[in-house]
Amino acid sequence: MAKDHTITDLSSVRRPVQTANGLPNAHYVDPQVFEAESKAVLHTSWAGLAVGADVPENGDAKPIEFLGIPLLLLRDKDGDVRVFQNICRHRGMILVDAPRKIEGAIRCPYHSWCYSTKGALVSTPHVGGPGHNTHENIVRDDLGLI
């Protein structure tokens with residue numbers, strides 16, 4: 001970023017049009033400025049990420065990304081469009097890597113944790129050891145998709 005400008009020094013841009021300057025170049029090319037602006041503007045409110053036509057049928061799922069965050073766009077079994085982080089709550093694996101139809105549950109490819117299309121954690125195979133699918137420290141109601 002240029003030494004004479006900071007992300008908050010926009011006084012030259014805000015002057016009357018006859019004497020104003022454009023945004024400093026860093027606002028177009030500097031990754032640090034982009035990150036700061038993203039946090040200030042895009043992380044503080046809702047954003048339109050897709051349209052319902054992107055997942056036209058119940059069970060349709062499409063991985064998308066917003067500001068570096070992997071997201072999962074899907075139409076649940078009742079026809080509602082939902083967006084979750086496309087990350088398993090167990091070990092952080094990407095859940096869906098390509099557009100597809102979810103026939104039953106969203107299954108993590110790593111340890112097979114399964115989530116409903118509404119985001120609820122519904123299955124935790126062998127979490128308590130071989131053949132034990134529950135554990136006292138794993139509260140499924142607290143570990144649904146975000």
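The values are calculated or read from the model by the stated rules, or taken from the named source; none is laboratory data. These numbers come from a predicted model, not from an experiment. Please note: Cβ atoms are built from the backbone with ideal geometry, for glycine as well, and neighbour counts cover all protein chains shown.
What to note about this one:
- Residue-level check: of (1) surrounded by 14 or more Cβ atoms within 10 Å (Cβ to Cβ); (2) under 15 Å from the mean Cα position of the chain (by Cα); (3) under 30 Å from Ile138 (Cα atoms), Gly92 misses just (1).
- Against the conditions (1) hydrophobic (A, V, I, L, M, F, W, C); (2) farther than 16 Å from Val55 by Cβ; (3) part of a loop (DSSP other than H, G, I, E, B), Val96 satisfies every one except (2).
- Residues in the range 77-89 that are touching a residue at least 40 places away in the same chain (Cβ under 8 Å) and more than 25 Å from Ala53 (Cα to Cα): Arg89 only.
- Picking from residues in the range 50-68 that are exposed (fewer than 14 other Cβ atoms within 10 Å of the Cβ) and at pLDDT 95 or above, the one that is farthest from Pro31 (Cα to Cα) is Glu57.
- Condition met for Val83 (at pLDDT 95 or above, closer than 28 Å to Ile138 by Cα and in a loop (DSSP other than H, G, I, E, B)): no
Here's the yes/no breakdown for (1) among the β-branched types (Val, Ile, Thr); (2) touching a strand residue (DSSP E or B) at 6+ places or on another chain (Cβ under 7 Å); (3) more than 16 Å from Ser116 (Cα to Cα):
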| site | (1), (2), (3) |
| --- | --- |
| Pro24 | no, no, yes |
| Gly48 | no, no, yes |
| Val51 | yes, no, yes |
| Lys62 | no, yes, no |
| Pro70 | no, yes, yes |
| Asp78 | no, no, no |
